[in-house]
1. Could you pull the accessible area for Asp432 with a 1.4 Å probe, rounded to 10 Å²?
2. Direction-averaged shadow area of the convex hull around the Cα atoms of the range 460-550, nm²?
3. Using only alpha carbons, build the gyration tensor for the chain and give me the equivalent ellipsoid semi-axes, biggest first, whole Å.
4. Quote the charge dipole size of the chain about the Cα centre in Debye, to the nearest 20; the model charges only the Cβ of Lys and Arg (+1) and of Asp and Glu (-1).
5. In terms of modelled amide H atoms, which long-range or inter-chain residues lie less than 5 Å from the amide H of Lys229?
6. Could you work out the helix-only [θ] at 222 nm for the chain, with each DSSP H run of four or more residues adding -39,500 (n - 2.57) and the total divided by the number of residues, to the nearest 500 deg cm²/dmol?
7. Let me know the shape class of the range 492-544, please: from the alpha-carbon gyration tensor, a ≥ b ≥ c as square roots of the eigenvalues, rounded when a/c is under 1.5, otherwise prolate if a/b is greater than b/c, or oblate.
8. Going by amide H atoms built from the backbone, whose H comes under 5 Å of the H on Ser486, apart from near neighbours?
Amino acid sequence: MNKTDLVLNAISDEEIKDSVCEIESIIPDETVEVDIVVVGAGASGVPAAGFAAEAGAKVALLQKEAEVVSQGNCASAIIKSKSTEAGLAKWIHHTNSLCDWRADTKQLRAYINHSEEALMWVFNRAGFTSETEYGDGSKVDNNSESAKLLNDGDKLCAFRSTSNDFTGLWKDRDNTYDYGNDHCYFWAPWIGPKPYNVGNALRNIVKKLENKYDNFKVYYNTPAVQIIKENNKVVGVYGKNKEGKYIRFNASKAVILATGDYTNNKAMVNHWCPEISEFDKKQFNKTGDGHIMALSAGAKMENTGHTKMMHDFDSALMFEEPFLFLNMEGKRFTNEYTGFVYMGNILKYEPKYKGKMLDEHHKDDGSRGWYCTIYDDNYVNWSKDEFVDGMVPPFVMEKFIPGAVENPQGVFKNLIDLHKCDTLEELSKELDIPYDEMKKSINRYNELCDKGSDDDFGKPSKYMHKIEKAPFWGARKHIRVSAEVSGVIVNENSQALDSQGKVIEGLYCVGNLGGQFYGGNDYPFHQTGLSLGKCYTFGMIAAKHALGIL
């Protein structure tokens, strides 16, 4: 029986602790003495290890992969100097409401207090800016000296900003929150463009740290396999390198687990977040190693029904526009004004489809999360009020049409799935949906558009537009799981807690391994880049707290 099975079959927290710890007795081939061990070189592990090394600690950074790995393009931070105290408090209340009132508000406050420093640290060390204070981030000059520092041949840069100020009446579709005259400003710079992301920036940071600090060492291809606990305190981990040799890493200060989520561990998904089991996963090799090690040390997992993040930015532009949505059987199935970030909840009831980019668990039967968005060429004449995010002209859209642009930039080429056809029958073939059902759905939709009332699903009438003018446009959307963002319960310092709510000495869990920052069914999408910003921030918090400098 493997470690996952032991955890899932255990009845009590104590059984989890005992069964996992007794899996194997390890005799190390080597022992390494450090102050802090960080397990996982990603969006939390790199800031944790980097902060600790810069503070003078001797640091070992263990990474299961052969390189630094992280996903995403945008991280954000709360800028306290541009916010009011009441606005910050309202942001906590607002965010908690979007988390079904299950967030740890002390952690939300810790994010407010430390996220600006953490995000600026990443931008400083990556070479985007030499500033030590916050800049407005509204426009990045890619020809400036600071931008050139990171534009090192792979064309990586800070290319846009979606910073915003929570003030007045905030509205997202049917959700509203009134900030009144108060302000909570967040800074949201993007790193890219695609296919480059924050992983590229973090890899550059680690190289600089390795060159600058003798007290910082990275052990690639060396997963941590077991926690070492003595006298009720976590004092290190065992790692196993690619030669199969065990290394004992003794940590005088702390072990910081930053191994990411468990979305590629089918048994753990089925147990803690079964809603995502039939959807494809965007990440690879996220097998819950840190969760299992933390549980073995006595940590407590959040209750089942973990928070998920699901969306599709990648197959085409205008991903938030409420065009006509058809499932893969050609049938309309929802009010399209719902918003794509919650489409996963609706699509769990729609048919599976065997399309591109299926993960290893769905290659035989297909996966859920597929639908098509349909519109006609009249869209270029719609008024501004008839769009949610704004019109994108056809010549810009073309880079998402397979083969239309020889070398499209800023897209994942293997995910391009937008089609423009002269007839609906041709479009149905490109999208692989039945033409008869598609035509029937479009005829009914056009009737409702003429009537000016969506009697079937209740979409606002201003977004009801007939599909009648060629060429016809259609994107096949593939909602996949970006991340599962719940895990081991921690406090606002990222210290792991046991089933009694007591701190487990020497153990920190950060990033998508630490909870309960969210707690709701869905990741809240009100603030661009909150997930990565949270990862950076609590990696830094853990390092500082472990060293007594928080």
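The values are calculated or read from the model by the stated rules, or taken from the named source; none is laboratory data. Worth saying up front: this structure is predicted, and the values here are computed from it rather than measured. Cβ sites come from the backbone with ideal geometry, for glycine too, and all protein chains shown count toward neighbours. Surface accessibility is based on the protein's heavy atoms, side chains included, excluding ligands, DNA and RNA. Shrake-Rupley method; radii C 1.70, N 1.55, O 1.52, S 1.80 Å.
1. Using a 1.4 Å probe on the heavy atoms, I get roughly 90 Å².
2. 9.5 nm²
3. Ellipsoid semi-axes (Å, largest first): 42, 26, 23.
4. It works out to roughly 780 debye.
5. Val235
6. Computed ellipticity for the chain at 222 nm equals -8000 deg cm²/dmol.
7. oblate
8. Thr307
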